[in-house]
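Down below is the structure, laid out as structure tokens.
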Amino acid sequence: MKLIECPRDAWQGLAEVIPTEAKAAYLRQLIELGFRHIDAVSFVSPKYVPQMADSEAVMEQIAPAVAASETEIIGIVVNEQGLERAIETAGVTTIGYPHSLSATFLESNAHTTIERSRALVADFVEQTQAAGRGLVVYLSMAFGNPYGDPWSTGRVAEEIGWLAASGVKAISLADTAGLASPAEIRNLLGAVFPASEGVEIGVHLHSRPEGAAEKILAAYEAGCRRFDAALTGLGGCPFAGDTLVGNLPTEIAVLALKRRGAWTGIAPTALVQALETTKELRRRYAHG
């Protein structure tokens with residue numbers, strides 16, 4: 001079981017920029033509470049994501065705690081400049097890159113094409129290996145898209161096969177627009193696992209809170225053992241068209257998986273403390 005906590009994803013949608021010291025204190029607390037896989041920072045233009053303008057400064061403050069605890073810290077990049085920044089930043093252990101089967105999404109999210117994105121993936125595999133960093137590729141819109149772009153289970157399996165052949169060892173399938181039902185999640189994962197030998201396949205699902213446990217268990221029962229989540233379900237996708245559609249709430253994921261006998265590494269007391277701090281951050285910074 002691998003549970004990836006995603007404060008970076010959660011914070012990007014907040015109305016007010018969280019001070020660097022507050023971000024660092026929160027991340028240190030997560031590490032102290034036993035969270036060992038954290039999507040913490042991104043290296044993108046502050047023009048588009050002002051919340052992440054201080055990623056290097058945040059990492060400078062938490063790097064000692066990261067090293068002492070051997071915590072995986074994921075830094076998101078969308079281009080070569082971001083990759084260079086991430087590799088130069090102490091404490092960033094894994095590079096995350098959002099690829100997609102949706103040409104429309106890639107153009108709106110990263111101003112690129114599927115062909116250029118594939119070229120970036122190949123380049124990132126080489127550079128992260130040389131730098132001794134991990135790489136996870138997010139396959140955005142993996143469960144379909146709201147644009148009418150071509151999508152099928154077969155296309156997803158083919159793209160996973162291409163990523164695996166290119167040297168990618170970790171792939172997270174993202175339900176970016178929150179479209180997938182539990183049955184669709186189960187069916188897609190069941191179809192793509194044969195194309196993913198030697199690759200860790202995870203899910204980054206979006207959901208209304210009341211539907212989250214069903215989606216988590218559908219993925220788990222299909223064989224998935226890597227889940228992205230965010231405390232209180234903060235974050236999500238602006239394309240979902242429903243303000244209640246957010247990230248999988250970590251607290252729901254932990255409890256749902258516990259009922260299946262799966263240990264996420266997060267103790268109940270640690271979960272309560274992390275939830276309290278997260279709710280306070282939301283109260284202070286969600287509305288500007």
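Laboratory data are not the source of any read-out in this text; all were calculated from the coordinates shown. As the structure is a prediction and not an experimental result, all values here were calculated from the model. Here Cβ is always computed from backbone atoms with ideal geometry, including for glycine, and neighbour counts include all displayed protein chains.
Residue by residue through region 215-228, which ³J(HN,Hα) values in whole Hz follow from phi under the Karplus form 6.51 cos²θ - 1.76 cosθ + 1.60 (θ = phi - 60°), with glycine and proline marked x?
Whole-Hz 3J(HN,Hα) from phi for region 215-228: 5, 4, 5, 4, 5, 4, 5, 7, x, 6, 10, 10, 10, 8.
What is the sum of charges around P182, taking Lys and Arg as +1, Asp and Glu as -1, for the other residues whose C-beta is under 10 Å from the C-beta of P182?
-1
What is the Cα centroid distance between region 28-48 and region 215-237, reported in whole angstrom?
Region 28-48 and region 215-237 have Cα centres spaced 18 Å from each other.
If you add up the charges near I31, with Lys and Arg at +1 and Asp and Glu at -1, over every other residue whose beta carbon is less than 11 angstrom from its beta carbon, what do you get?
Value of the local net charge: -2.
Taking amide hydrogens as modeled 1.01 Å from N in the peptide plane, which residues meet the under 5 Å criterion relative to K2, leaving out close sequence neighbours?
R226, F227
At a Förster distance of 30 Å, what's the computed FRET efficiency of E200 paired with S45, Cβ-Cβ distance as r, to 0.05?
0.55
List the residues whose amide H sits under 5 Å from the amide H of S172, counting only those 5 or more places along or on another chain, with H placed 1.01 Å from N in the peptide plane.
V137, Y138, L139, G202
Each residue of region 68-75 in order: what ³J(HN,Hα) in whole Hz does its phi give by Karplus 6.51 cos²θ - 1.76 cosθ + 1.60, θ = phi - 60°, with x for Gly and Pro?
5, 9, 6, 7, 7, 10, 9, x
Can you sort M1, M141 by how many other beta carbons sit within 10 Å, fewest first? List each step's numbers first, then the result.
Working: M1 12, M141 29.
Fewest-to-most Cβ neighbours within 10 Å comes out as M1, M141.
Whole-Hz Karplus ³J(HN,Hα) for region 191-201, in order, using 6.51 cos²θ - 1.76 cosθ + 1.60 and θ = phi - 60°, x for Gly and Pro?
Along region 191-201, the couplings run 7, 8, 4, x, 8, 10, 4, x, 10, 7, 9 Hz.
Among 49-55, 90-96, what's the highest-first ranking by average C-beta atoms within 10 angstrom per residue? Please list the in-between numbers first.
Numbers: 49-55: 18.7, 90-96: 21.7.
Packing order, densest peptide first, comes out as 90-96, 49-55.
The list [x] 80, 73, 31; [y] 45, 42, 34; [z] 64, 49, 34 gives values of Cα extents along the principal axes in Å, and only one came from this structure; which label was calculated from it?
It is the one labelled [y].
Which percent of Cα pairs goes in each bin when the distances of region 1-100 are cut into 10 angstrom slices starting at zero?
16, 54, 27, 2
Please find the FRET efficiency linking T104 to S69, where r is the Cβ-Cβ separation and R0 is fixed at 45 Å, and quote it to the nearest 0.05.
0.65
Take C224, C6 and order them by how many other Cβ atoms sit within 10 Å, fewest up front.
C224, C6
Using a 10 angstrom Cβ neighbour count of at most 13 plus a DSSP loop assignment to flag exposed trypsin sites (Lys or Arg not before Pro), which longest range of the chain is free of such sites? Intermediate results must be reported in sequence, preceding the final value.
Values: sites that count: K47, R260.
In the chain, the maximal stretch lacking such sites is 48-259.
Once both labels are modelled 7 Å past Cα along the beta-carbon direction, what's the E88-T277 spacing in nm?
Once both label points are built, they end up 2.9 nm from each other.
List the residues, sorted by chain then number, that are 5 or more residues from G96 or on another chain and whose placed amide H is less than 5 Å from its amide H.
G75, I76, V77, V136
Express in whole angstrom the spacing between the alpha-carbon centres of region 145-164 and region 50-111.
Here the answer is 24 Å between Cα centres.
Contact order normalised by length for region 2-285, with contacts defined as Cα pairs under 8 Å and 6 or more residues apart; what percent is it? Each step should come with its number before you reach the end.
Details: 531 pairs, mean separation 52.2, N = 284.
About 18 percent, as a whole number.
So which GluC sites (Glu not before Pro) in region 1-71 are both in a DSSP loop and have at most 12 other Cβ atoms within 10 Å of their Cβ?
Answer in residue order: E16, E70.
For every helix of n ≥ 4 consecutive DSSP H residues, a contribution of -39,500 (n - 2.57) applies; sum these over the chain, divide by its total residues, and give [θ] at 222 nm rounded to the nearest 500 deg cm²/dmol.
Mean residue ellipticity at 222 nm (helix-derived): -14500 deg cm²/dmol.
Rounded, prolate or oblate for region 173-288? Axes are the square roots of the Cα gyration tensor eigenvalues, ordered a ≥ b ≥ c, and the cut-off for rounded is a/c under 1.5.
oblate
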